[in-house]
1. Taking region 39-54 only, how many residues are touching a residue at least 12 places away in the same chain (Cβ under 8 Å) and surrounded by 12 or more Cβ atoms within 10 Å (Cβ to Cβ)?
2. Within the group Tyr18, Tyr66, which residue is modelled with pLDDT under 80 and surrounded by fewer than 10 Cβ atoms within 10 Å (Cβ to Cβ)?
3. Do any residues in region 8-36 that are in a helix (DSSP H, G or I) and among the basic types (Lys, Arg) have Cβ atoms under 9 Å from those of residues that are at pLDDT 70 or above and surrounded by 10 or more Cβ atoms within 10 Å (Cβ to Cβ), where the two are at least six apart or on different chains, and which pairs are they?
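The values are calculated or read from the model by the stated rules, or taken from the named source; none is laboratory data. All figures in this text were calculated on a predicted structure; none of them were measured in a lab. Cβ coordinates were reconstructed from backbone atoms using ideal geometry, including for glycine residues, and neighbour counts include every protein chain displayed.
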Amino acid sequence: MRHVLLFVCLCFFAQISYPAFERTNQGSRSTALGGSPVALHRNEWAASANPAALTSITQRTLSVFYTPRPFEMQELSHGAISFIEPTSFGT
């Protein structure tokens, strides 16, 4: 029983120990605004910061974003893919 409790506690702490301090910008417009994508209208990267802005997108959208080596550190490279499919009942 003690092993099961230890396993459950380890799983719980593994779930909440994510890199919350890490600010990863998604999309070139968001990066150009200093990492503030909330005010962007009709932006395909709105799903991460402002999901309400997705309602203004009327076409199918696919976006790819990659930051190769910020600060000359390979460990900080970041990539993301965004796909939006507008439907009749919502995006």
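1. Going through region 39-54, the residues touching a residue at least 12 places away in the same chain (Cβ under 8 Å) turn out to be 40-45, 47-50, 53-54.
The next check asks that each one be surrounded by 12 or more Cβ atoms within 10 Å (Cβ to Cβ); those that pass are 40, 42-45, 47-50, 53-54.
Selection size over region 39-54: 11.
2. Numbers: Tyr66 fails: modelled with pLDDT under 80.
Checking each option against the conditions leaves just Tyr18.
3. Once the first residue is in a helix (DSSP H, G or I) and among the basic types (Lys, Arg) and sits in region 8-36, its partners that are at pLDDT 70 or above and surrounded by 10 or more Cβ atoms within 10 Å (Cβ to Cβ) give Arg29/Pro37; Arg29/Leu40; Arg29/Asn43; Arg29/Trp45.
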